[in-house]
Amino acid sequence: MQNPYLSIWTKPKETFRLFFKERPSKSVYKLPFVVLGISLALNVGQDIFQVLGADSSLTTKILVYLFLTPFTIGLVFLFMGLIQPWMIKIVGNIWNGEASRKEIANVNALSYIPACLIVIYQLTLLIIGQEPSTDNINILFHYAIWILTFSFFIIGLSIVQKFSYGIALLNFFISILPFIILRLMLSY
């Protein structure tokens, strides 16, 4: 099997096809979720500092980030490995989608491989003494990564569910609609 960390960049369709052909859907591909959890910890760490009123020494920051990381990794696994794939599977049943929840979780994981570059950027910011929040990441870089991630996700979802790209996009948007409505209700 080819290395998905390299092949996803140039051949996303082939990467997804080979991944699901050669790898059984028994387990979820975990490393991208761990990296996303680290990114989330780095992103919310500054908010924790403000709430606690803690000093911003490098040692304190590292301790807070180390404490936050297992919690945020768990949240990423919960949402992207269980809840969102389950919602996508339920909505995908409307169009006779064929993917299991674990296969959709693997699509999530493989799609977020480009987002691993954001963590490298955040760690670089932390090392040079700046706040490692995603607000400090170059906006063009951030959007380019987001577009790649989203397009890889739609490609992967269409392959695993056996949908066209349009139906895969609709499958995704309808599945996140409850979260959007909840967010709007909480913001008022």
Practice item. Quick one: which residue in Ile104, Ile83 is out of contact with any Cys (no Cβ under 6 Å at 6 or more places or on another chain) and open to solvent by less than 40 Å² (accessible area, probe 1.4 Å)? Key: Ile104
Check your understanding: Can you find a residue in the stretch 26-41 that is over 17 Å from Ile159 (Cα atoms), over 14 Å from the mean Cα position of the chain (by Cα) and outside any helix (DSSP H, G or I)?
Key -> yes
Revision key, fill the gap. Of Phe163, Phe152, the only residue that is at pLDDT 95 or above and open to solvent by 20 Å² or more (accessible area, probe 1.4 Å) is Phe163
Check your understanding: Yes or no: Ile128 modelled with pLDDT under 95 and either open to solvent by 70 Å² or more (accessible area, probe 1.4 Å) or basic (Lys, Arg) (or both)?
Key -> yes
Point to revise | Any hit, the stretch 26-37, residues being in contact with a Cys (Cβ under 6 Å, 6 or more places away or on another chain), surrounded by 13 or more Cβ atoms within 10 Å (Cβ to Cβ) and touching a residue at least 40 places away in the same chain (Cβ under 8 Å) | key: yes
Practice item. Only residues in the stretch 76-98 that are of a type in the set (Asp, Glu) count as the first member; pair them with residues that are assigned to a helix (DSSP H, G or I), Cβ under 8 angstrom, at least 6 apart or cross-chain, and list the lot. Key: Glu98/Val160; Glu98/Gln161
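The values are calculated or read from the model by the stated rules, or taken from the named source; none is laboratory data. Please read all numbers here as calculations on a predicted model, not as lab measurements. Positions of Cβ are generated from backbone atoms using ideal geometry, with glycine treated the same way; all protein chains shown enter the neighbour counts. Just so you know, the surface numbers come from the protein's heavy atoms only, side chains and all, with ligands and any DNA or RNA stripped out. Shrake-Rupley method; radii C 1.70, N 1.55, O 1.52, S 1.80 Å.
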